[in-house]
1. Quickly run through region 46-78 and pick out the residues that are within 17 Å of L28 (Cα to Cα) and small (G, A, S).
2. Restricting to region 61-106, what's the tally of residues that are over 14 Å from the mean Cα position of the chain (by Cα) and free of Cβ contacts under 8 Å to residues at least 40 places away in the same chain?
3. Return yes when E42 is modelled with pLDDT of 90 or more and either of a type outside the set (G, A, S) or not in a loop (DSSP other than H, G, I, E, B) (or both) and no when it is not.
4. Anything in region 64-84 that is of a type in the set (D, E) and outside any strand (DSSP E or B)? List them, or say none.
5. Looking for whichever is at pLDDT 95 or above, buried (at least 18 other Cβ atoms within 10 Å of the Cβ) and over 17 Å from S36 (Cβ atoms) here; the options are T89, T72, T97. Which one fits?
Amino acid sequence: MRFPALLLALTLGCASVSASGVQVVRILPEYMPADSFVRISEYFNGKENTRGATILRTQPKSRDGFYFNLRTQTDAPIELVWVILEIITPASAETRTESFAVSLPKGSHLIRLGLTGKDWPKAKDRPAAWKIRILGLNGAELATEQSYLWSKPDAPTPVKPSDSSSVKVE
């Protein structure tokens with residue numbers, strides 16, 4: 001397997017399905033410059049054309065930044081959920097948490113969560129680790145996904161010889 005394909009597989013993980021009927025189909029984290037959001041219709045009416053996606057930014061007036069493109073699937077519409085993004089950025093080892101209120105329509109829906117403007121100053125930076133949780137209004141977790149590095153694997157236990165006299169040093 002090539003390195004980019006392996007990196008993509010580790011980033012995407014598997015789709016998580018919960019009993020709530022909310023499914024995280026995929027998450028594609030990427031830096032997106034401001035011009036990737038401009039459509040011809042915006043020149044005529046002055047409004048951002050989201051192409052049906054929900055776009056939420058930490059700095060609403062700034063479009064360029066690091067986005068988590070979250071594709072969800074729901075059995076029924078949900079009027080309001082909280083999407084909690086926990087991220088460890090290159091700027092700090094401390095976990096940063098951002099909360100976004102979102103409505104989920106029935107079926108498939110794209111949500112773009114953006115750390116924009118001063119919240120993500122360098123285009124070439126990548127997060128060290130991240131976790132996204134979708135919570136109902138009562139606080140119940142409806143779905144969750146995380147990067148591979150979010151939870152460190154347990155360190156292997158070193159193997160010790162039971163009898164040091166049986167170890168030969170040459």
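The values are calculated or read from the model by the stated rules, or taken from the named source; none is laboratory data. The shown structure was predicted, so the numbers you read here are calculated from the model rather than taken from an experiment. Note: ideal-geometry Cβ built from the backbone for every residue, glycine included; neighbour counts use all protein chains shown.
1. Hits for region 46-78 are A53, G65.
2. The total comes to 10.
3. Spelling it out, it is not the case that E42 is modelled with pLDDT of 90 or more and either of a type outside the set (G, A, S) or not in a loop (DSSP other than H, G, I, E, B) (or both).
4. D64, D75 - these are the residues of region 64-84 that are of a type in the set (D, E) and outside any strand (DSSP E or B).
5. Just one listed residue meets the conditions, T72.
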